[in-house]
Every structure is written in C-alpha cells, then in structure tokens.
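Values quoted throughout were computed directly from the atomic coordinates according to the rules given, and no laboratory measurement underlies them. It should be emphasised that the depicted structure is a prediction, and the values quoted were computed from it without experimental measurement. No Cβ is skipped: glycine too gets one built from the backbone with ideal geometry, and neighbour counts run over all protein chains shown.
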Amino acid sequence: MTPGPIALVGSGEYLPIMQEVEASLIAGRNPIYVQIPTAAAPEGERSLSRWIELGKAQANRIGVTAVSVVAHDRNDAQDPRIAELVRGAGLIYLSGGNPSFLANTLRDTLLWKEIETTWRNGAALAGCSAGAMALADHIPALRLPTHSATHGVGLLPHLRVLPHFDQMFARLPDFLTRFMKVPDGVSIVGIDEETAIIGGPFEWEVKGRQSAWLFVDGHRKEFKPGETLITPGIF
C-alpha cells in the first residue's frame, strides 16, 4: 500500500470553513473518520468533550462515521483496546491543544504505531495546530521560558511547523532569532489560520483561506491556495 496524504493545518479543524478540506482527505477512502483530541487533555474533560462534539458534527456534515479516540496519557496510549480503534480509518485527525503534551503522550506507543501503520496503509493523516507541530521531529518553544522545545513524533523529520502563522508567529519581533536556526536539511513552514498544506512528505498543495510560507536561508516565500510548495530535505 502507498501511504495516504498528510495535511498540516494552521487552524480550523472540524469547523464548516474547513469541511471541504476534510472531505477531500477522506474521499475515496473508508468512511471512518478517527478523531484524536489528546492535545487538549491537559485542559480537562470539558475541553475534550468540546473537541469530540465538534468532530462528530463535521463527520456528520461530510457524511462519514466519527470515531473518537481519547488517550488522556501514555497509559491510555499503550492500551491495545484504544489503539485498535484507529484500524480501518480513512482519515485520522490530531486536533489542537498542547503540542508537547501530544507528542510526549503518543511517541513510541501502541497508539502511535497504529496511527502510523494505518497511514502507511493508505489512510489520510491530518494534524491541526498542535497536531501539525507534533508530526515533525522538533516542536519549537512557543512562549519562553515557560515552554521549552521538545521532540515531536518524528514522522516529518525534515520539517518544523508553525501553525496560526499570521496571528502568532509573523508578529513576533524576534521571529528570525527564535525560529530560523535549524539543522541542514530541515525546512520551516508557516501555515496561516484556516489554511492547510496537503500531500507530503516533500510536495504540498496549499488549500483553504490564506497562505503558507516557506523559510529558506532567512528568506520567506508565500504560497497561496492552489499553489504547490516544495519542502527540501532528507526524509
């Protein structure tokens, strides 16, 4: 089997404005939409419930079946019964919250192994905001010193992802000094809100309302919806 597409989303998961994007990801695949709100677990059950309800509503609009996979911590992520819920998915979606918590909860667990296996067998895999950041090998520190850099799950070792780019990162006066120092072979991608890049691991199409941005050698290039973005690197 060929791996399915990857979607890295700046914001807007499960909302009507991103319905077309999510519908395109699951089109032609098994109509099982697995939604994983783990990044919101530190916020409590109310937040998890909100994400679950939003995900179900989006699945209903698309006309597919929603499956909520809730892993509160690594113990849950190591539970075979929880990991098995991912099997058969046509689309797996990691929604927003705390990217470091998400990556530390999933990394090297049965749940992550099932996610990766299902994706490699043809399912689409999406991450929005924290979910997009966690798919990389490295998660930049967002608010120093309270947030330190950490490792992601490593699916996209050649990328560092900055979601909410137009609202969060583009306005930081120290953006270049904080985020532009990366190893050789690693690209930085900024993704505006309500925008996605889809494809991967190197060639991506921009979809949604705004733009994606590729940073190479301190220079920024804008890619608008419908354009193709190439992320160089070693995969």
*Hey, how many Å between the Cα centroid of region 1-63 and the Cα centroid of region 95-111?*
16 Å
*asked:* What's the ranking of 205-213, 189-197 by average number of surrounding C-beta atoms within 10 Å, highest first?
replied: 189-197, 205-213
*Just one of (1) 1.13; (2) 0.94; (3) 0.97 is Rg/Rh (Cα atoms, Kirkwood Rh) calculated from these coordinates, so which is it?*
(2)
*Working out 0.36 nm times the residue gap between residue 171 and residue 151, then minus their Cα-Cα distance, what length gain in nm do you get to one decimal?*
4.7 nm
_Along the Cα→Cβ direction, 7 angstrom out, place labels at residue 27 and residue 61. What is the inter-label distance in nm?_
1.6 nm
*How far, in nm, would the chain grow between residue 50 and residue 73 when pulled straight, counting 0.36 nm per residue and subtracting the alpha carbon separation?*
6.5 nm
*Subtracting the Cα-Cα distance from 0.36 nm times the residue separation, let me have the gained length for residue 1 to residue 202 in nm, one decimal.*
70.5 nm
*asked:* Net charge around residue 95, counting only other residues with Cβ within less than 13 Å of its Cβ (Lys, Arg = +1; Asp, Glu = -1)?
replied: -2
*What residues qualify as long-range amide H neighbours of residue 151, i.e. H under 5 Å apart, gap of 5 or more or another chain, H built at 1.01 Å from N?*
139
*Using only Cα atoms, figure out Rg for region 72-173 and give it as a multiple of 2.2 N^0.38 Å.*
1.10
_Partner lysines for residue 181 [C-alpha distance under 29 Å; skip if fewer than 8 residues away on the same chain]_ = 207, 221, 224
_Relative contact order of the chain, defined on C-alpha pairs under 8 angstrom at six or more residues apart (%)_ = 22 percent
